[in-house]
Amino acid sequence: MIEQLSFEDLKNKFNTNKNFKLGTYIVSGVIALVVLYFAYRQFIWGPANEKSNDGWWVALNYITKDSTDQAISVLIPFVKNNDGKTGGEIGQYLLATQYMKKGKYTAALDQLKSVDLEDTYISTLSIGLQGDCYNQMKKYNDALELYLEAADREDNEFTSPMFLFKAGLVCEELNKKSDAAAHYQRIKDDYPNYASTKTIDRYIARCATK
């Protein structure tokens, strides 16, 4: 049975029982850490996290003007100062896209691999962009793996067929015609609107085994 202890009993046990005293300190420490963590999240990290979303708009303005170097110069310190915050993660994603524009695919990969967001599309696009980097570096097997991961991560009419299509093109580069045809066929069967815009039957036909 659980001991029913009065305040005086607890006080005496705390003063005379080393194990009880140690356990009390540990439990109190854990509780204190939990309280401090939630206080930090609510009163410090929360407002700072919200504020971090303001910063990447400056870089986005340069991006829309195709001012890649200016965007990079803004994003590098912004990402460093907002690491772990939502705005910082978005900044990393944007920085990666600008590195890709300049053909710096290794630098882009370093940013994309660290993007950690709950947003479904940006997280999925980050995986797919890694595939694009490897594709440009002619590391087709790595690209294929990432394209398929991105296609299957969250089924939708936008990212799924887009990355399946890229997977098909990479399979053709690898001379895996039957695999390419299977990806194109899946697009035709599951995403007819996208298939129509890409005239997908043409891609299926050229992968047909002769």
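Only the coordinates and a few stated rules stand behind these numbers; no lab work does. Predicted model, so just to flag it, every value in this text is computed and none were measured. Cβ sites come from the backbone with ideal geometry, for glycine too, and all protein chains shown count toward neighbours.
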_Spelling out what I want: for every residue of region 149-154, take phi, set θ = phi - 60°, compute 6.51 cos²θ - 1.76 cosθ + 1.60 (Karplus), and round to whole Hz; glycine and proline get x._
4, 5, 5, 9, 5, 8
*Rank the residues E172, E154, E149 as a footprinting-exposure proxy: fewest other Cβ atoms within 10 Å of their Cβ go first.*
E154, E149, E172
_Which one, Q130, F163, L174, is farthest towards the positive end of the dipole of region 118-210 when Lys and Arg carry +1 and Asp and Glu -1 on their Cβ?_
L174
_Given charges at beta-carbon only (K, R positive; D, E negative), |dipole| of region 118-210 in Debye_ = 700 debye
*Which shape class applies to region 118-210: rounded if a/c is under 1.5, otherwise prolate when a/b exceeds b/c and oblate if not, where a ≥ b ≥ c are the square roots of the Cα gyration tensor eigenvalues?*
oblate
*asked:* Treating only the Cβ of Lys, Arg, Asp and Glu as charged (+1, +1, -1, -1), what charge dipole size does region 86-151 show about its Cα centre? Round to the nearest 20 debye.
replied: 460 debye
*With θ set to phi - 60°, apply the Karplus curve 6.51 cos²θ - 1.76 cosθ + 1.60 along region 196-204 and write out the HN-Hα couplings as whole Hz, x wherever there is a Gly or Pro.*
5, 5, 9, 6, 5, 4, 5, 6, 5
*Using the structure shown, select from K65/K85; K138/K176; K104/K176; K80/K101; K65/K101; K104/K138 the pairs with a Cα to Cα distance greater than 18 angstrom.*
K65/K85; K104/K176; K80/K101
